[in-house]
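The values are calculated or read from the model by the stated rules, or taken from the named source; none is laboratory data. All of these numbers come straight from a predicted model, not from anything done at the bench. Positions of Cβ are generated from backbone atoms using ideal geometry, with glycine treated the same way; all protein chains shown enter the neighbour counts. Areas reflect the complete protein model, heavy atoms only, side chains present, ligands, DNA and RNA absent. Shrake-Rupley method; radii C 1.70, N 1.55, O 1.52, S 1.80 Å.
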Amino acid sequence: MKPFSYARPASREEAVRLLSPTARPKGGGYDLLDLAKNGVSTPGTMVSLAAVPEMGKAWTGDHGETYLGGRMTLADLATLPAVRAACPVVADAAAEAATPLVRATATLAGNLLQRPRCTYFRDPFFECRKRGGAACPAMEGDHAEGAILGNRLCCAVHPSNLAAALLAAGAELRILTGVDGKGEPTWRTAAVDPAFFVAPEEDPLREARIGPGELVFDAVVPPCPSSAYVEVNQKASFDWASAAAAVVLEMDGGKVARARVALGAAAPVPLLSEAAAAALAGKAPGAKAAEAAAEAAVAGATPLRDNAHRVQHLRVCVKRAVLLAAGRGR
Amino acid sequence: MTSPPTRAARGRTVLHPLTVNGETKDVPFLPHETLLEVLRERMGLTGTKHGCELGECGACTVLVDGKPVLSCLLLALNAVGTKVETVEGLAEGGKLHPLQQAFVELGAAQCGYCTPGFLMTAKALLADRPRPDRPCLKDALAGNLCRCTGYLKIYEAVELAAERMAREKPPRGA
């Protein structure tokens, strides 16, 4: 790794004052250190959030919403009974990530904002659009693990389980914004909706609308007991998803009043499938409706030479997630 | 216990107190050095293995305040003020830890490169769940990879060690 400086602020305000384009917040540090070791990017300063205690907690608001601290570990998200009861889609997504060793340290904000895991992006030997290059070598090269939707310019899939889960849940981020180290930090909120994510067509160099001086303090998740996240992997443990679906159902008398279906590991950004949601609306969420939603989710897929299998994987994820979410709503 | 430093300047080697296997030493290291690098290259504790370096293989697992942690992805600065345990700290008074003994007896170590990581993860598991069933055991060890693929022997060795440890230390009320 290239050398960097280190800071360990004692409060969220002090932390955000230290942030800059070259000073990055460090929760678990998995992706930051991976990127530095790969030679993709090394911040001038790692700003450790280890001493900002309120960022590591979850609590319930007055309207049943769950506040999830940005530095909460995936292990806590996966296992805390309050999180599993209020928003199982989040608990599922955290539980599916990586391994127990990684989950014990990796954080909500780090998982949400991690950079793509595409081999070409992670290896500076290759030209890559996501590092400012003119082309995507994966298009002609190894793209078996590449995107099947939205893959015209870049076929790196968005790697975050939690991004899909928070998108389906209609979560909101509370973000602390610095002012170039001067003045008092201010708060802003950002809905985790399609506009939060940045597709390669708009700007290939980033995946989310978060500024360099900003800190994801927490995520506020509305109650969504009828929800589920399901992914398909090639290996039983520690494998990046081949496809993933996060589904949140609002039920009314045994029928789906409203659904949100987010597709993960399918495109360079997580996608909200309006077509899949429409296929579920007004229907009893049984196998037939789940299959219709799955078919709608993959309509328009543009698989590449070597990744057509991921279309079927995505179908399976959507169907299973719908049925699992429906079962939890009963 | 020492408080972790609040600032460290790039490229500047500073002495920091690290508590490893019960002994606290001032160790010189740079802000960007990982705990794995400091253990192996600054402290000569080469039992902890350098595998993928990207958090994928588990060969570098150590315990930090009793929890298994991938030392390749932990800055050594983040270990200041904690209690670090490595494989060198397992044996006591020349006697192997029951996990080590079981690994020897059942041939759970083949090339041996992954063994220190497995031992540390297993130690944390047994501290938390003294008699884990097989699914629980497999789940806990899922982040430790064995390229020799000797998983079955490893599971059996952890179960044997768990049985012996439970016999040595019966549960409260027994």
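Annotations for the structure displayed:
- Helices in chain A, meaning DSSP H runs of at least 4 residues, each add -39500 (n - 2.57). Divided by all residues, the mean residue ellipticity at 222 nm is -8500 deg cm²/dmol.
- Across the accessible surface of the range B:14-88, with the other protein chains kept in place and a 1.4 Å probe, carbon and sulfur atoms take up 48 percent.
- At a probe radius of 1.4 angstrom, the accessible area of chain A per residue rounds to 39 square angstrom.
- Under 5 Å, built H, 5+ apart or other chain: amide partners of residue A:4: B:11, B:32
- For residue A:218, residues with placed amide H under 5 Å, excluding near neighbours: A:70, A:174
- Cross-link check: pairs A:37/A:57; A:235/B:83; A:2/A:26; A:57/A:255; B:25/B:67 evaluated at a Cα-Cα cut-off of 23 Å; pairs beyond the cut-off: A:37/A:57; A:235/B:83; A:57/A:255.
- Chain A: C-alpha gyration tensor shape, a/c 1.5 cut-off, then a/b vs b/c: oblate
- In straight-distance terms, cross-link reach from residue A:130 covers every one of the aspartates and glutamates whose alpha-carbon lies under 19 Å from its own, apart from those fewer than eight places away in the same chain; here that gives A:31, A:34, A:140, A:142, A:145, A:201, A:202, A:203, A:207.
- Total accessible area lost when B and A pair, probe 1.4 Å, Å² to nearest 100: 2500
- For chain A, a simple Cβ point-charge model (Lys and Arg +1, Asp and Glu -1, everything else neutral) yields a dipole of about 340 debye relative to the Cα centre.
- Of A:216, A:299, A:322, farthest towards positive along the dipole that unit charges on Lys, Arg, Asp, Glu beta carbons give chain A: A:322
- R0 of 60 Å, Cβ-Cβ distance residue B:13-residue A:284: FRET efficiency to nearest 0.05: 0.35
- Summed over the residues of the range B:98-168 and divided among them, the accessible surface reaches 49 Å² per residue at a probe radius of 1.4 Å.
- Placed amide H near residue A:243: partners under 5 Å, 5+ positions off or other chain: A:232
- Within chain B, percent of DSSP bridges classed antiparallel, to nearest 5: 90
- GNM top mover of A:258, A:71, A:305 - chain A, alpha-carbon springs below 10 Å: A:305
- Per-residue HN-Hα couplings for the range A:156-172 [Karplus 6.51, -1.76, 1.60; θ = phi - 60°; Hz; x = Gly/Pro]: 6, 7, 5, x, 8, 4, 5, 4, 5, 5, 5, 5, 5, 6, x, 6, 10
- Taking the Cα centre of chain B as reference, the dipole from Cβ charges on Lys and Arg (+1) and Asp and Glu (-1) amounts to some 180 debye.
- HN-Hα J in Hz across the range A:231-240 - Karplus 6.51, -1.76, 1.60, θ = phi - 60°, x for Gly and Pro: 10, 10, 10, 6, 10, 5, 9, 6, 9, 5
- Cβ-placed point charges (K, R +1; D, E -1), dipole of the range B:98-168 about Cα centre in debye, nearest 20: 100
- Atom-type composition of the exposed protein surface of the range B:98-168 places 53 percent of the accessible area on carbon and sulfur (1.4 angstrom probe).
- Test item: B:67-79 mean partner chain Cβ contacts at 10 Å: 5
- Estimated FRET transfer efficiency (residue A:186, residue A:1; beta-carbon r; R0 35 Å; 0.05): 0.60
- Selection among B:82, B:29, B:137 by position relative to the dipole of chain B gives B:82 as farthest towards the positive end (Cβ unit charges, Cα centre).
- The packing ranking of peptides A:197-205, A:84-92, A:314-322, A:247-255, highest mean first, is A:314-322, A:84-92, A:247-255, A:197-205, where packing means the average number of other beta carbon atoms within 10 angstrom of each residue.
- Rounded FRET efficiency, nearest 0.05, which uses the C-beta distance separating residue A:14 from residue B:128 and R0 of 30 Å: 0.30
- A full extension of the chain between residue B:169 and residue B:111 corresponds to an added length of 17.7 nm, given 0.36 nm per residue minus the alpha carbon distance.
- In the protein assembly as shown, taking the dipole from charged Cβ atoms about the Cα centre, the farthest positive-side position among A:263, B:162, B:108 is held by B:162.
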